1. Given H placed on each backbone N at 1.01 Å, which residues far from L69 in sequence or on other chains put an amide H within less than 5 Å of it?
2. Can you list the HN-Hα couplings for segment 255-272, worked out from phi with the Karplus curve (6.51, -1.76, 1.60; θ = phi - 60°), rounded to whole Hz and with x for Gly and Pro?
3. Loop-only trypsin sites (Lys or Arg not before Pro) in segment 92-134, please: DSSP not H, G, I, E or B, and at most 14 other Cβ atoms within 10 Å.
4. Run the dipole for segment 214-293 about the Cα centre, Lys and Arg Cβ at +1, Asp and Glu Cβ at -1, nothing else charged, and hand back the magnitude in debye, nearest 20.
5. Hey, what do the phi angles of segment 207-212 turn into as Karplus ³J(HN,Hα) couplings, whole Hz, using 6.51/-1.76/1.60 and θ = phi - 60°, x for Gly and Pro?
6. If you filter segment 32-141 for GluC sites (Glu not before Pro), then keep DSSP loop positions with at most 16 other Cβ within 10 Å, what is left?
7. Just the ratio, please: alpha-carbon radius of gyration of segment 216-263 over 2.2 N^0.38 Å, N its number of residues.
8. When the chain is fully extended, how far beyond the present Cα-Cα distance does A50 get from Q115, taking 0.36 nm per residue of separation?
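Please treat every number below as a calculation from the coordinates, not as lab data. Nothing here was measured: the structure is a model prediction, and the numbers come from that model. Note: ideal-geometry Cβ built from the backbone for every residue, glycine included; neighbour counts use all protein chains shown.
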Amino acid sequence: MSSPTGPDNGLPVRMPRPRQPGRHRRPEPAVAPEGAPALVLAVPGAPTAATRGLAEEVVSIARSELPGLDARIGYLDGDDAEYPTLPAVLAHAAEQRTARHQQALAAGHDVPAPQGPVAVVVPLLAGPDNALMRQVRQAVMDSRVAAELTDVLGPHPLLAEALHVRLSEAGLARADRARLFTVATAADGIILATIGGEEAVQAAGITGMLLAARLAVPVMAAALDQDGAIAATAEQLRGSGSAHLALAPHLIGPEVPEGLLDAAAKDAGCAYAEALGAYPAIGKLALSQYMAALGITPPQAQGAPQSR
């Protein structure tokens, strides 16, 4: 026997909550506009199963924040088989948009031809890297598709949060300053490692100031791709009184050559945290770049609860 709300199985039926009137009601969740361009995540580095898993988690976070979002992944060094290249992904998105328009016309709908970019390309990079950004731009040009390219994800306060969490996971920082519990291996000086030369170091330094405020320890940025920069920064921190150092990658992961972090940490004589990876802030920031490119108001002002 069934009821208007579903089968009568003896279980309580969850009814939709009535909308709360007045100024205290919850805001309506944002959804992707109909026909909105695809978000295409441009993934640097050698494609691997681990890289694919990371990228899929990032776009999954973005989709959860904006229901209806068409999110795809294109690899800068893909093979168009297991790992589709960025130009191939963009071309496929353009073909699908054209096909949808033709189907609508065939069904008798008088719809105008789609305008604007087919996709918004978001580089999976925490900070500026001119070499990788040139590669992304070239891939977009090679696709011959109208696509908009956003800036990288940082600097941003959410990256400072993610760095704090990665350090605490490695036992190199307190997870919560408010509780004042001790961590025997907590660092009293942080080297913020990045890739992309001086511009990347300056951008990481902005996030580093936010991280220093969270941890109440000195934080200095240095480039992994500059010989001796990490070791020199470690000596500078030790010279200013820091005895226990930690290396924190201002990097998502795929852009880092294998073994580079481990070698840099050994040169500096310190432990290191994992790269940012698919921390929820990365998906939120990728979506934020996409929405800013389209002039869409971000849900809840791009935010995520800040850990102390």
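1. Amide H neighbours of L69, under 5 Å, 5+ apart: A32.
2. The phi angles translate into 7, 9, x, 4, x, 5, 5, 4, 5, 5, 5, 5, 4, 7, x, 8, 7, 9 Hz.
3. none
4. With Lys and Arg at +1 and Asp and Glu at -1, about 400 debye.
5. 5, x, 5, 5, 5, 4
6. Here the sparse-neighbourhood loop sites are E34, E82.
7. 1.20
8. 19.8 nm
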